[in-house]
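Working notes for the structure below.
The values are calculated or read from the model by the stated rules, or taken from the named source; none is laboratory data. As the structure is a computational prediction, the values presented were derived from the model and not from experiment. Reconstructed Cβ throughout: ideal geometry from the backbone, glycine too, with neighbour counts over all protein chains shown. Note: areas computed on protein heavy atoms with side chains; ligands, DNA, RNA excluded. Shrake-Rupley method; radii C 1.70, N 1.55, O 1.52, S 1.80 Å.
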Amino acid sequence: MTQAKSITSRDNPLLVRLRKLAGDPGAYRKLGEVWIEGDHLCSALLQRGGKPAQAVITELAWDQPALRTLAEQAAAVAVIPQALMDGLSTLESAAPIGFVVPWQGSAALEPDAPTIVLDRLQDAGNVGTILRSASAFGFAQVVAIKGTAALWSPKVLRAGMGAHFGLRLVEGVDSLQGLRVPLLAASSHAKGAIHDTRLPWPCAWVMGHEGQGVSDALMRQCAMTLRIPQPGGEESLNVSMAAAICMYESSRQRLPHHP
């Protein structure tokens, strides 16, 4: 059984490191580890076969059998007062437990995988929501072009709701030369509607910057640009909503009853 260690000093090296991970969206790249908060994310990691190096749990939570059992799945356990956990949390109300997970670095690009390409998306909530949709609709790989919000930042992790642990995540990409699947993009100016078009599979949907959209250079590489009909008359959709619609249509067309 994992032995628990009590920590009461704010200056403990582990807690100093975790504050850096919680406060800097890109700190995981420098420190080589990721801080995940809350029993939902911790459980999702374990369900996907992840191996946490460290659990951090509050004194009150350590007395709860379910949370204690969860913490004991880590190689090491630190039990801390609630006030110290509050200092680590990116949430308004701190979660009672978190895991420290080794970060293996950016995954290698899989040329033929169903893919979502993120072209300089800035909003962490949008990025995490897109990861969650990718996992739901069978897109195994997410490729983040340089300038996209850090995929393993606390806010993206929170919005992803555990999707990270089942996806191939490729960061800091300059070009998509290694991808062999057709690139698709949504555009309000496209003639063809997404639901009237036979979509290739596997494919890579390209989702662009919240304000600027997909770059001209990437748009020229796309095999198809398709329109999402909007009978309500709005000029455009939120990028995470548009991504979900595009992924859903790709998924729908693969269902057995689809002609």
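So is residue 181 among the β-branched types (Val, Ile, Thr), in contact with a Pro (Cβ under 6 Å, 6 or more places away or on another chain) and modelled with pLDDT of 90 or more or not?
Answer is yes for this residue.
Quick check on this structure: which one of 134, 124, 140 is closer than 22 Å to residue 21 by Cβ and either in contact with a Lys or Arg (Cβ under 6 Å, 6 or more places away or on another chain) or open to solvent by less than 50 Å² (accessible area, probe 1.4 Å) (or both)?
Of 134, 124, 140, the one residue that is closer than 22 Å to residue 21 by Cβ and either in contact with a Lys or Arg (Cβ under 6 Å, 6 or more places away or on another chain) or open to solvent by less than 50 Å² (accessible area, probe 1.4 Å) (or both) is 124.
Does residue 134 fit the bill of being under 27 Å from residue 74 (Cα atoms), among the small types (Gly, Ala, Ser) and in contact (Cβ under 8 Å) with a residue 24 or more places away in the chain?
no
Among the listed residues 17, 10, identify the single one that is of a type in the set (Lys, Arg) and closer than 26 Å to residue 163 by Cα.
Only one candidate passes the filter, namely 17.
Which residue is surrounded by the most Cβ atoms within 10 Å (Cβ to Cβ), if the candidates are limited to region 87-107 and must be at pLDDT 95 or above and not in a loop (DSSP other than H, G, I, E, B)?
The residue in question is 98.
Enumerate the helices (runs of 4 or more DSSP H) found wholly within region 143-259, keeping only those where 2 or more residues are in the same structural domain as residue 129 (by the TED database), of a type outside the set (Lys, Arg) and loosely packed, with under 14 Cβ neighbours inside 10 Å.
216-221
Pairs needed: first member in region 231-259, at pLDDT below 95; second member anywhere, hydroxyl-bearing (Ser, Thr, Tyr) and open to solvent by 70 Å² or more (accessible area, probe 1.4 Å); C-beta distance under 7 Å; at least 6 residues apart or different chains.
236/188
Looking at region 184-208, I want the residues that are within 15 Å of residue 218 (Cα to Cα) and touching a residue at least 60 places away in the same chain (Cβ under 8 Å) and have a partner that is among the β-branched types (Val, Ile, Thr) and open to solvent by less than 10 Å² (accessible area, probe 1.4 Å) with Cβ atoms under 6 Å, at least 6 apart or on another chain. Which pairs are those?
204/115; 204/117; 205/116; 206/117
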